[in-house]
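For reference, the structure is listed below as structure tokens.
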Amino acid sequence: MPGRVVIVGTGIAGAAAAQTLRKDGFDGEVVMIGADRRPPYRRTMLTKDLLSGRVDADRIALRSADAWQTMPVEIRTGTRAAHLDPVGRSITTEDVGTGARATLGYDALLLATGGRARRLGPPGGPAWPGVLHVRDAEDALALRSRIGEAAGAPGPRGRLVIVGAGLIGCEVAAVAAAAGVAVTLLEAGPRPLAGTVPDAVSTMLADLHTGHGVTIETGVQVVGVVGDPDSDTPGRGVSVVHAADGRRWTAGIVVGAVGMSPATELAQSAGLAVADGILVDEYCATSAPGVHAAGDAARFPDPLTGGTRRIEHWNHGQAHGAAAARAILGAGRPYREVPWCWTHQYGVNLQIAGTPHAAQEWRVQGDLGARDFLSTGFADGREVAAVAAGRPTELRAARAHIGEHLTRAGAPAAIR
Ligand SMILES: Cc1cc2nc3c(=O)[nH]c(=O)nc-3n(C[C@H](O)[C@H](O)[C@H](O)COP(=O)(O)OP(=O)(O)OC[C@H]3O[C@@H](n4cnc5c(N)ncnc54)[C@H](O)[C@@H]3O)c2cc1C
């Protein structure tokens, strides 16, 4: 049994690991190190309740400060893990504000470092200036204030252009449109959330957005974002978004929502195996003894596909962090969870489970137009994915069916 477990990252994977260590009776030291200045919070609320102003930042905490103290779990916020020595079993921490450094030894280490928003910019070049992204609470608060300024403003200043119609781009569009901002959603693919949900659901979502006044432009390859030279306040004025085919859009706010990159630099510089994620086995163990990894940052063996996979969902972070904690305590089980996530747009709660991009065929029960349906995706006759609105019980059952394949030897050939 380790004496001190250090967890790098105060996101859901790190928090779930800390809670599981205590729940499962670990009585050694648990120290969480987080670059974020806030203790663990619900990241999923950033582009929903926090952005819309339905709640303030003091209402997004995962647990109260008292609850962490009672467990007890020590949380060092505003502290970055700058260096990892897997042989000496220590990390060097750095205060984000002062730069002060300290060394912290560990018996077991969990890397739950999540990731950062992929910046919009030329391949390999610097990010285009003035583009906002949403990954942490500060990002969401900054965007909230810009949306407040833009709401009802005339001309381009009252316009928001979002690059990327994935889950985050669509959620930002829904909040901004409801706030009275003129929203244009630019997407490289053929439809919003294409590949993540079946075509019919994607079309339904597109209709939902356009019904709320959002303009959707598809097949758009953004090649540049520049400040408008005619703007009266350069730097905080109007930007022009350029597409490869010559189209252009002018807006007071530009948001980049083109995915995230896993935070692997700490692991990589320490010599751990990394390939678009920190490589772990089915027990969340990395290539370095005593070091585990979980959540958005970790790439794990996926029994559904037979390959490896990273998943960027809240519930996965929670389950994977808990699985890593059990492995640290010597009670690990192979990680076998069917991924699922949700999104909330214009009052519609959409749930997505399994591996939608692997589905060859979809069957729909219910009424898409009424946003009350379950759509099930099949590959080689087996259920591999499900997407539902207004049917949480059916979605749960579909998840269980998909999970049955996890316990069988082999995966459908089409998704191997
Ligand atoms: C705006 C937004 C909305 C989302 N909405 C949904 C949703 O509706 N449903 C859903 O299923 N999923 C959603 N997600 C995805 C989900 O929130 C993530 O999958 C989940 O939060 C990942 O958790 P994590 O703990 O792995 O990583 P993170 O939450 O990224 O946490 C990692 C933490 O580690 C810290 N860190 C990194 N490196 C270091 C270091 N060297 N030293 C110290 N600290 C470090 C970071 O500062 C960060 O706080 C959303 C994500 C975002 C950004």
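Bear in mind these aren't lab numbers, they're just calculated from the coordinates by the rules spelled out. These numbers were taken from a predicted model, which means no experiment stands behind them. Methodologically, a virtual Cβ is constructed for each residue, glycine included, from the backbone with ideal geometry; neighbour enumeration extends over all protein chains shown.
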**Unit charges at the beta carbon, dipole of the chain: most positive-side option, Val222, Asn315, Ala206** = Asn315
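How high is the relative contact order of the chain? Use alpha-carbon pairs under 8 Å, at least six apart in sequence, and give a whole percent. Mind showing how you got there, number by number?
Values: 945 pairs, mean separation 65.1, N = 416.
The normalised contact order for the chain reaches 16 percent.
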**Request:** Report ³J(HN,Hα) in whole Hz for each residue of the range 90-100, in order, from the Karplus equation J = 6.51 cos²θ - 1.76 cosθ + 1.60 where θ = phi - 60°; Gly and Pro get x.
**Result:** 8, 10, 9, 9, 9, 5, 5, x, 9, x, 4
**Asked** Label point 7 Å out from His357 along Cα-to-Cβ: which residues of the range 364-402 have amide N under 15 Å?
**Response** 385
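Between Glu404 and Asp380, what length comes free when the chain is fully extended (0.36 nm per residue of separation minus the Cα-Cα distance, one decimal in nm)?
Values: separation 24, 0.36 × 24 = 8.64 nm, distance 1.50 nm.
Extending this stretch completely gives an extra 7.1 nm.
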**Prompt:** For the range 153-158, in order, what is each residue's ³J(HN,Hα) by Karplus, 6.51 cos²θ - 1.76 cosθ + 1.60 with θ = phi - 60°, in whole Hz (x at glycine and Pro)?
**Reply:** 5, x, x, x, 5, x
**Item:** Where labels lie 7 Å past Cα in the beta-carbon direction, separation of Thr215 and Asn349 in nm
**Value:** 3.4 nm
**Asked** Considering only Gly366, Ala57, Ala142, whose Cα is most displaced toward the positive end of the charge dipole of the chain, charges sitting on Cβ of Lys, Arg (+1) and Asp, Glu (-1)?
**Response** Ala57
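Assign unit charges at the C-beta atoms only (+1 for Lys and Arg, -1 for Asp and Glu), then state the dipole size of the range 112-167 relative to its Cα centre in Debye, rounded to the nearest 20. Working shown, then result.
On the way: 8 positive and 4 negative charges, 27 e Å.
Computed charge dipole of the range 112-167: roughly 120 debye.
Dipole size in debye (nearest 20) for the range 131-256 around its Cα centre, Lys and Arg Cβ +1, Asp and Glu Cβ -1? Intermediate values should be presented prior to the final figure.
Numbers: 9 positive and 13 negative charges, 25 e Å.
Here the size comes out at about 120 debye.
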**Asked** For Arg4 and Gln365, what does the FRET efficiency come to when R0 = 60 Å and r is the distance between their Cβ atoms, rounded to the nearest 0.05?
**Response** 0.70
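Taking 0.36 nm per residue of separation and subtracting the Cα-Cα distance, what length does fully extending Ala61 through Glu149 add? Working shown, then result.
Values: separation 88, 0.36 × 88 = 31.68 nm, distance 2.65 nm.
So the chain would gain 29.0 nm between Ala61 and Glu149.
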**Request:** Return the distance in nm (one decimal) between the two label points of a simple spin-label model at Asp281 and Ala188, each offset 7 Å from Cα along Cα→Cβ.
**Result:** 3.6 nm
**Request:** Quickly work out the Arg396-to-Ser90 label distance, labels modelled 7 Å from Cα along the C-beta direction, and quote it in nm with one decimal.
**Result:** 4.9 nm
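Please tell me the relative contact order of the range 323-380 in percent, rounded to the nearest whole number, where contacts are Cα pairs under 8 Å and at least six residues apart. Mind dumping the intermediate values first?
Working: 59 pairs, mean separation 12.3, N = 58.
Computed over the range 323-380, the figure is 21 percent.
Nearest 20 debye, what's the magnitude of the dipole of the range 347-415 about its Cα centre given +1 on Lys and Arg Cβ and -1 on Asp and Glu Cβ? Can you show the working numbers first?
Details: 7 positive and 7 negative charges, 30 e Å.
The dipole of the range 347-415 has a size of about 140 debye.
Between Arg37 and Asp199, what length comes free when the chain is fully extended (0.36 nm per residue of separation minus the Cα-Cα distance, one decimal in nm)? Write out the running numbers ahead of the final one.
Working: separation 162, 0.36 × 162 = 58.32 nm, distance 4.04 nm.
Taking 0.36 nm per residue and subtracting the Cα distance, the gain is 54.3 nm.
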